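This report refers to the structure that appears directly beneath it.
The values are calculated or read from the model by the stated rules, or taken from the named source; none is laboratory data. Predicted model, so just to flag it, every value in this text is computed and none were measured. Here the Cβ positions follow ideal geometry from the backbone for every residue, glycine too, while neighbour counts run over all protein chains shown.
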Amino acid sequence: MIYILRRVAFYLAAFFVAVTLNFFIPRVMPGDPSARIIASFQGRLNEAQVEAIRASYGATGSLWEQYVGYVLQVLRFDFGISTVQFPEPTSSLLFYGATWTLVLVGIAITFAFLIGTMMGIHAAWNRGGFFDSVFTPLNVMLNAFTPAVVALLLFYAFSLELKWFPLGRAHATGLSPGFDLNFIGSVLYHATLPVLSILIVSFGGWHLGMRNVMINLLNEDFVILARAKGLSDRRVRYRYVARNAIMPQITSLALSVGFLLGGALVTEQVFNYPGLGKFTITAIESRDYSFIQAQLLLLTMSVLVANLLSDIANVILDPRLRKG
Amino acid sequence: MADITQTRAVSLLDRLDEAAFASAAPTQEELMRELRIKARPGWTSSLPPSLAAFVTNPKGMFGVILLLGLILFSILAPIFSDYNPHRRAGKPHVAPSYEHVLGTTRMGKDVYTQVAYGGRISLAVGFGAGLASAAIGLAIGIAAGYFGGRVDDILTFFVNVVLVLPGLPLIIVIASLVDSAGPLVIGIVLALTGWGWSARTIRTQTLSLRTREFVLSAELMGERKWRIILKEIFPNMLSFFMGGLVLGTISAILAEAALSFIGLGDPNAVTWGTMLYWAQNNMALQSGAWWEIWPPAVAIMLTGAALVMINFAVDEITNPQLKASRGIGRIKRYLRRRGRSADVF
């Protein structure tokens, strides 16, 4: 319990660092957002209008006042008003996009982790064999291929040429969201290619990680003892070795959530998928700073939550952590 | 009579035994041939051991040669091409021909020339950011591990923060505030956000080295701290530093490509990422101009593959069990061919 509390304290501190960074980065950069907006009107604004724009970006008062105001705003999930979808608050757009990104990345990460880990177990158990010497390098190389290319090729081959999959959107138009088979089927159909392109470039990492940790464990005394006791191969492989090797995997799974959420950007852009990344790109193009900053905070938050979940999972899997 | 039969029987058994031994226990040369183990070339003995291990590692050398080829290709670009990567060189979307080895883009720029020149910037950003982040990771990792106490607590906190902060979104925030982030800006930001992993591994290694005899004896002799760090600890960190460098470079090259691809980079710079950005914007695939998209894609893939191979070699040097696992496969196959149970573990 103390272990979990210590981790929670760290995550709160890390989130605070992210908020602080988010506050100071625009202010040390040449030309803060409000100055840009004001400049874009080329002097056609009067004093009161300039003040109003500065106030809506929280750029009035001393630096300290601005900072406190920003922190309080963030704690209320108030990320200001979107300049793209003008009267809409940024947060509603943010959470709409985040839902679809979570669908995409959630499915992809689950399958990538399962496939990669199973392959890693197999490769480590038959280390030096055919599977290990061919697929381990191959899968890891896939990991170093750029997501942009994989997504473009899949899109070109299956959406444009063969027309097996749709050209965009998260579900068919005319379907209202709900928990019926029609809608879920449509969502899965639209998510297939984006999920596949994230999957292809990410499962190699889990393969290599699992393999390397497992190989180190295979010579440990407890594994030799288990074999000497005459336990079946299956039992030694999964209950003894894999179970111990999975813990570092879960930790790096949580750390990779941020990377994957960020990487979904490219996939969503190619497949025209209405996720967080797609909106972020629109926001970049139209210089919607409040959205760009809010997406960093939201992604940081999801990484921290993922890390907390992995800590809890590790405590459940590893009795040694429960004492500390 | 009895005497003769006995000697005959013994000699027969002896000969059977000899034959059995001969078939069961091959000579060292036979074993090496059968297991495809090559003796290390003599000249490697004059190299430092870790370098010798790297040079004799087939995966690692394959990666190094591939990478050197790519670097040479982009450095020697002007010799092979008369075109300017930024200028129109022909009609739009000309298919590969004698004039344009890899065709032209929609803007009529020569693709071959762009790949070669783009490689300079993409590789420079990748290696620059990789090197810088590995160096930051090394400095912070050694400092945290060696000094311990308060210093360690503070540094470890920052390492963990950098690890949990999502890198790409942070870069997007910074890059979007700078007007069209050029390759240099992207490289600097990647270096500043990518050192978490190497700092963590190096700190762990330093912690275990700090209590070893050679460090303790240097401390007892009254060596200065920076001298112990440089002379005693740093040489042992080289392979971990290499690992951090290789991984940092891969992620920097991929991140540069991703950032340029979504249009955050400077669209006038020629890099592999911006080439993909223009190819996507100009609907290269839709109009059948595969030659606009494949060359930069293949260049990125080859660079990634080369670095992954080098990383395999570095992994095998820092972790000998991984290297042994290659031999175990051969031994298993050897025993199976001889009809023994292949229960090597």
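Among residues of the stretch B:297-308 that are within 10 Å of A:THR146 (Cα to Cα), those with a Cβ under 7 angstrom from a residue that is surrounded by fewer than 23 Cβ atoms within 10 Å (Cβ to Cβ) and aromatic (Phe, Trp, Tyr), sequence gap 6+ or separate chain, pair up as B:MET301/A:PHE145; B:GLY304/A:PHE145.
Only one residue in A:ILE316, A:ILE215, A:ILE281 is away from every other protein chain (no Cβ under 11 Å) and among the β-branched types (Val, Ile, Thr). Which one? Among A:ILE316, A:ILE215, A:ILE281, only A:ILE316 is away from every other protein chain (no Cβ under 11 Å) and among the β-branched types (Val, Ile, Thr). Give me the residue from the stretch B:148-202 that is surrounded by 22 or more Cβ atoms within 10 Å (Cβ to Cβ), touching a residue at least 12 places away in the same chain (Cβ under 8 Å) and in a loop (DSSP other than H, G, I, E, B) and, out of that set, farthest from the other protein chains (Cβ to nearest Cβ). Filtering first and then ranking leaves B:TRP195.
Name the residues in the stretch B:249-281 that are polar (S, T, N, Q) and under 18 Å from the mean Cα position of the chain (by Cα), would you? Result: B:THR249, B:SER251.
Give the stretch A:270-324 a look and list any residue that's buried (at least 21 other Cβ atoms within 10 Å of the Cβ), assigned to a loop (DSSP other than H, G, I, E, B) and not charged (D, E, K, R), or say none. Listed by number, the residues that qualify are A:TYR273, A:GLY275. How about the stretch B:285-313: which of its residues are over 20 Å from A:PHE135 (Cβ atoms) and within 12 Å of the chain's Cα centre (by Cα)? B:THR303, the sole residue that qualifies.
Here is a yes/no grid of residues against (1) basic (Lys, Arg); (2) surrounded by fewer than 23 Cβ atoms within 10 Å (Cβ to Cβ); (3) in a helix (DSSP H, G or I); (4) more than 9 Å from chain A (Cβ to nearest Cβ):
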{"position": "B:ALA269", "(1), (2), (3), (4)": "no, yes, no, yes"}
{"position": "B:GLU316", "(1), (2), (3), (4)": "no, yes, yes, yes"}
{"position": "B:LEU322", "(1), (2), (3), (4)": "no, yes, yes, no"}
{"position": "B:ARG326", "(1), (2), (3), (4)": "yes, yes, yes, no"}
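Based on what the data block shows, is A:THR90 crowded, with 16+ Cβ neighbours inside 10 Å, touching a helix residue (DSSP H, G or I) at 6+ places or on another chain (Cβ under 8 Å), more than 30 Å from B:ALA324 (Cα to Cα) and modelled with pLDDT under 80? The answer is yes for A:THR90. From the list B:ALA279, B:ALA284, the lone residue that is over 30 Å from B:PHE54 (Cα atoms), modelled with pLDDT of 80 or more and in contact with a helix residue (DSSP H, G or I) (Cβ under 7 Å, 6 or more places away or on another chain) is B:ALA279.
Screening the candidates A:ALA148, A:ALA124, A:ALA112 for the property of being of a type in the set (A, V, I, L, M), more than 13 Å from chain B (Cβ to nearest Cβ), in contact (Cβ under 8 Å) with a residue 40 or more places away in the chain and in a helix (DSSP H, G or I) yields one hit, A:ALA112. If you check B:GLY327, B:GLY304 for being out of contact with any Lys or Arg (no Cβ under 8 Å at 6 or more places or on another chain) and over 22 Å from B:SER122 (Cβ atoms), only one passes: B:GLY327.
One residue alone among A:LEU255, A:LEU261 is within 24 Å of A:TYR11 (Cβ to Cβ) and buried (at least 23 other Cβ atoms within 10 Å of the Cβ), and that residue is A:LEU261.
Residues of the stretch A:218-232 being within 11 Å of another protein chain (Cβ to nearest Cβ) and farther than 19 Å from A:ILE246 by Cβ, which ones? Listed by number, the residues that qualify are A:ILE224, A:ARG227, A:ALA228.
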